[in-house]
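Taking it in order: structure first as structure tokens, then the write-up.
Just so it is clear, none of the values below were taken in a lab; they were calculated from the coordinates. Quick caveat: nothing in here was measured; it's all calculated off a predicted structure. Virtual Cβ from ideal backbone geometry, glycine too; neighbours counted across all protein chains shown.
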Amino acid sequence: MDINADQPIFVISVAADLADMHPQTLRQYDRLGLVSPSRAPGKSRRYSQRDVSMLREVQRLSQEGVSLEGIKRILELENQVSALQHRVEELTDELERRRDPMDSRIFAAGAAVGDVVSLNRGQRPRARSQAVVIWRPRALGR
């Protein structure tokens, strides 16, 4: 059975033991916003395995001489990078889904200023007007 790394299951004393820290240090990190555990009913802190890993990372950076403010900034930037990587994956998946040539659209400029008409492949503008059809050939190999 796999344990969900985000499941808040450890009380502060157990998390402190797992991270090899004093519970007061965990409280300080929570106050500073370095590692923010979940709260159980009654306001007691509950740490996940991911929180414990984060505590170990904070401890490692601290031992290397990085200030707590520096550690906080590093963690924020790592979270931003992770979120951006996730977004790139989503956009890449969306792009792959849209690459089907049967789903591609052709657009024509309508008679009115700023009017754009979407056409299916092989379809022509309805009204015989001064519409300009824009066609872009697909790149070879797609």
The answer for V35, listing residues at least 5 apart or on another chain whose modeled amide H is closer than 5 Å to its amide H, is D30
The simple spin-label model distance between D93 and E64, using points 7 Å out along Cα→Cβ, in nm, is 3.1 nm
Cβ density ranking, 10 Å radius, fewest first, applied to K43, K72 yields K43, K72
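Taking a temperature of 37 °C and a viscosity of 0.692 mPa s, what whole-number D in µm²/s does Stokes-Einstein yield for the stretch 12-97 with Rh from Kirkwood over alpha carbon pairs?
Details: Rh = 14.4 Å.
So the translational diffusion coefficient is about 229 µm²/s.
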Sparse-neighbourhood loop hits (GluC sites (Glu not before Pro), the stretch 12-84; DSSP loop; Cβ within 10 Å at most 15 others) -> E64
In Å³ per residue, the alpha-carbon convex hull of the stretch 31-71 encloses 57 Å³
